[in-house]
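The values are calculated or read from the model by the stated rules, or taken from the named source; none is laboratory data. It should be emphasised that the depicted structure is a prediction, and the values quoted were computed from it without experimental measurement. Don't worry about glycine lacking a Cβ; one is built from the backbone with ideal geometry, like all the others, and counts go over all protein chains shown.
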Amino acid sequence: MKRKQFMQSVAGLITGAAFLPDLSQASLGELPGKPNPAMWPPVDPTDERFWQFVRQQFPLAPEKHYMNTGGLGASPYVVIEAVQGKMDELEKISETGHSEELWKAIKANIGRLLGCDADEIALTRNTTEGINIVANGLPLQRGDEMITSTHEHVANQVTWLALQRRKGIVIKTFVPSSESHQENIDRIEKLITKKTRLISIPHSTTTTGLVMPIKELSRIAKANKIWFFVDGAQTLGMFPFNLHDLGCDAWAASGHKWLMGPKETGVLYVRKDMLDIIQATNVGAYSDEVFDFEKGTFTFVPSAQRYEYGTVSIPLRVGLNAAFEFVDRIGIENMWKRDQALSARLFNGLREIPHVRVLSPANASLRGAMITFMHDEIPYQEIQTHLNKFNLRTRVVTEGGLAALRISTHIYNNFDEVEMIIEGVKTAKKS
Ligand SMILES: Cc1ncc(COP(=O)(O)O)c(C=O)c1O
């Protein structure tokens, strides 16, 4: 496609109408643009019209080509309405709405979908809060070593740097390899010493979407008596996994990325036998099982709820549960197939462009649904500015010393948008 055609196609997409499927009219119910849950078509991940229907479950403006789910996910109507509905209900009576029954039901649902027990789940504000709970709760001491990568999100750099300053821990890093799982295993194993107490790595890196071999690393950590924390910010809602099967000691994620939940929601998993090792440091109402202030005694609840404290937003947590249910309704395997198909096309299309270097792994089994690339002749900021003109929302990557652009492809994206990115990069010019 030549530049002129590209502009025309972008213009066509921006007007939106040509893009809306006929199927929608039959499926949406009375309110155009709003879903009627009773009218969902059968889930068919191979039918483009099904994904057009899914796209219409989001209020995301048709002219907005949102491709930064790794930063923040768009939320579907069902999630927004769950939050609004609960808020309306609670504001009529001015109550917090906190009920143990509701809490347990939400966590049981999350545990079922993530492959762990409800008691191993704490509801948090975001991944960062989960990381902080783990970092500050582990009994790490001066001179203890931890291993992490050079491609961490700022949340996973600053938290550990603060611990280094406060407690004198030693941080050792490896540069992640996009070549193979074994290469990353080797790089981590080389850093293990008698003083290593912790490995902290992402499930999938924020930089290139590289997926780490968590299961194998869990075995290595266990064999060496090393704690193993996994940052799942870039995998919750992207692909299926089972936390017990992964075998890590703790795992934290945000509800507001690939899961498409309300903003400021998160999930922290702490395996049962780690509950007394990762000390609860921020505590209060809901952390305790019993306490007697006069006698100076208390016990924590025998679950990950001990990491929760004080009044929180029940509407947001109800919305998080709705996001899990939305994902479950489509099926995480189906979503993953879609995301993989979109990102594979993007990967292949970008790789054919002269001077473009795709930094995400070439082996599809090593990557998530984010493709990161750089141009040898055009600075990443200029490419982003060019893509912005066509409402293509991307994210710059500077972590790990990279100077690149990252494109997330999720269930509300489509192949036309992927082609727009490819054509946009092809037509970008150095200023
Ligand atoms: C790997 C990783 N960890 C942590 C975070 C921080 O997430 P949040 O701001 O939701 O805590 C991000 C955000 O992009 C991330 O990519």
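The table below gives the values:
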read-out: Sole residue being surrounded by fewer than 17 Cβ atoms within 10 Å (Cβ to Cβ) and not small (Gly, Ala, Ser), chosen from Arg329, Arg367, Arg306; value: Arg329
read-out: Among (1) out of contact with any helix residue (DSSP H, G or I) (no Cβ under 9 Å at 6 or more places or on another chain); (2) exposed (fewer than 14 other Cβ atoms within 10 Å of the Cβ); (3) at pLDDT 95 or above; (4) over 30 Å from Asp245 (Cβ atoms), the one test that Pro139 misses; value: (4)
read-out: Meets criteria (in contact with a strand residue (DSSP E or B) (Cβ under 8 Å, 6 or more places away or on another chain) and either at positive phi or at pLDDT below 95 (or both)) for Asn413; value: no
read-out: Criterion: out of contact with any Lys or Arg (no Cβ under 8 Å at 6 or more places or on another chain), among the hydrophobic types (A, V, I, L, M, F, W, C) and under 20 Å from Met274 (Cα atoms) - qualifying residue of Ile226, Ile199, Ile188; value: Ile199
read-out: Residue in the stretch 238-256 that is over 28 Å from Ala74 (Cβ atoms) and without any contact (Cβ under 8 Å) to a residue 24 or more places away in the chain present; value: no
read-out: Number of positions in the stretch 247-295 that are more than 16 Å from the ligand (Cβ to nearest atom) and either in a loop (DSSP other than H, G, I, E, B) or in contact with a His (Cβ under 9 Å, 6 or more places away or on another chain) (or both); value: 18
read-out: Leading residue by the ranking (nearest to the chain's Cα centre (by Cα)) among those in the stretch 230-245 that are surrounded by fewer than 24 Cβ atoms within 10 Å (Cβ to Cβ) and part of a loop (DSSP other than H, G, I, E, B); value: Phe239
read-out: Extreme residue, farthest from the chain's Cα centre (by Cα), among residues of the stretch 193-229 that are under 27 Å from Val358 (Cβ atoms) and of a type in the set (D, E, K, R); value: Glu216
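Okay, residues lined up against (1) outside the structural domain of Ile371 (by TED's automatic domain parsing); (2) touching a strand residue (DSSP E or B) at 6+ places or on another chain (Cβ under 9 Å); (3) charged (D, E, K, R); (4) surrounded by fewer than 21 Cβ atoms within 10 Å (Cβ to Cβ):
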site	(1), (2), (3), (4)
Trp258	yes, yes, no, no
Val267	yes, yes, no, no
Ile277	yes, yes, no, yes
Ala280	yes, yes, no, no
Thr299	yes, yes, no, yes
Val312	yes, yes, no, yes
Asn321	yes, no, no, no
Trp336	no, no, no, yes
Ser360	no, yes, no, no
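Every residue, every condition in (1) of a type in the set (Val, Ile, Thr); (2) part of a helix (DSSP H, G or I); (3) out of contact with any helix residue (DSSP H, G or I) (no Cβ under 6 Å at 6 or more places or on another chain); (4) not assigned by TED's automatic domain parsing to the domain that holds Trp336, yes or no:
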| residue | (1), (2), (3), (4) |
| --- | --- |
| Ile378 | yes, no, yes, no |
| Gln381 | no, yes, yes, no |
| Leu387 | no, yes, no, no |
| Phe390 | no, no, no, no |
| Gly400 | no, yes, yes, no |
| Leu405 | no, no, no, no |
| Tyr412 | no, no, no, no |
| Glu417 | no, yes, yes, no |
| Glu423 | no, yes, no, no |
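This table checks each residue for (1) farther than 19 Å from Ser254 by Cβ; (2) touching a residue at least 40 places away in the same chain (Cβ under 8 Å); (3) not charged (D, E, K, R).
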| site | (1), (2), (3) |
| --- | --- |
| Leu114 | no, yes, yes |
| Thr124 | no, yes, yes |
| Glu129 | no, yes, no |
| Asp144 | yes, yes, no |
